[in-house]
1. Can you give the relative contact order of region 14-160 as a percent, counting alpha carbon pairs under 8 Å and 6+ residues apart?
2. Calculate log10 I(q)/I(0) of region 12-106 for q = 0.15, 0.19 Å⁻¹, where I(q) comes from the Debye formula with a single equal point scatterer on each Cα and nothing for solvent.
3. Explain nothing, just compute: Karplus ³J(HN,Hα) = 6.51 cos²θ - 1.76 cosθ + 1.60, θ = phi - 60°, for every residue of region 83-100 in order, whole Hz, x for Gly and Pro.
4. Rounded to the nearest Å, what's the spacing between the alpha carbon centres of region 86-107 and region 54-71? Just the number, please.
5. Tell me, Val27, Val66, Val76 in order of fewest to most beta-carbon neighbours within 10 Å?
6. Kindly provide the GluC sites (Glu not before Pro) of region 81-161 that DSSP labels as loop, not H, G, I, E or B, and whose Cβ sees at most 10 other Cβ atoms within 10 Å.
7. Output the Kirkwood hydrodynamic radius of the chain, Cα pairs only, in Å rounded to one decimal.
Amino acid sequence: MSAHPGAADAALPAQTVARSIRIDAPVELIWAAVRDFGGHGAWMPGAGAGAEHLSWSGDANTPGTVRRFAAPGRPVFAERLNRIDDEAHELAYSIIESPFPMERHEATIAVVADGDSAVASWTARFEADDATAAMLDGFMGTQAFAPGLAGLKGYAEEANS
């Protein structure tokens with residue numbers, strides 16, 4: 001019950017952060033890299049740098065597993081693998097611990113064939129106020145998703161050459 005009679009707790013607005021990239025490689029090759037939730041260090045810039053600060057609650061590629069990580073001197077993040085869909089070429093995870101004031105986070109990395117190439121997209125949906133969403137667009141979108149997708153592109157195109 002609210003502290004103010006008649007007032008209801010305001011729900012945070014739904015927000016989205018998204019980035020995508022065209023990759024000149026077959027969808028199967030790209031998907032093999034993406035679907036390995038524990039292998040993101042092969043293509044995600046900086047993911048291998050804090051490996052000594054990475055722990056798992058279970059098998060890296062089993063839905064429900066949680067990976068916890070932190071770079072030295074940085075806050076802890078925990079991500080739970082929600083699903084891997086081999087038919088749709090889609091992996092989804094949720095940030096369940098972070099320093100950011102957001103709720104109901106779920107991110108999806110999807111790979112869609114486009115001829116001999118593919119488009120990889122990374123989208124996060126969550127609830128947060130607009131100021132937090134703008135900050136997260138920079139943090140997630142610009143500092144994580146964009147370089148991650150560029151790393152995936154480089155990794156897949158090199159493997160395809």
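1. Values: 295 pairs, mean separation 49.2, N = 147.
Computed value for region 14-160: 33 percent relative contact order.
2. Treating every Cα as an identical point scatterer, log10 I(q)/I(0) equals -0.69, -1.08.
3. Result, ordered by residue: 6, 10, 10, 5, 5, 8, 6, 9, 10, 10, 9, 10, 7, 10, 8, 6, x, 8 Hz.
4. Taking the Cα centre of region 54-71 as reference, the centre of region 86-107 is 13 Å away.
5. Details: Val27 21, Val66 16, Val76 13.
Going from sparsest to densest Cβ surroundings: Val76, Val66, Val27.
6. Numbers: sites: Glu87, Glu90, Glu97, Glu103, Glu106, Glu127, Glu157, Glu158; in loops: Glu87.
Those that pass, being in a loop and sparsely packed, are Glu87.
7. Details: mean 1/r = 0.0597 Å⁻¹.
So the Kirkwood estimate lands at 16.7 Å.
Each value in this text was obtained by applying a stated rule to the coordinates, not by laboratory testing. Quantities reported herein were computed from a predicted structural model and do not represent experimental measurements. Backbone-built Cβ (ideal geometry, glycine too); neighbour counts: all protein chains shown.
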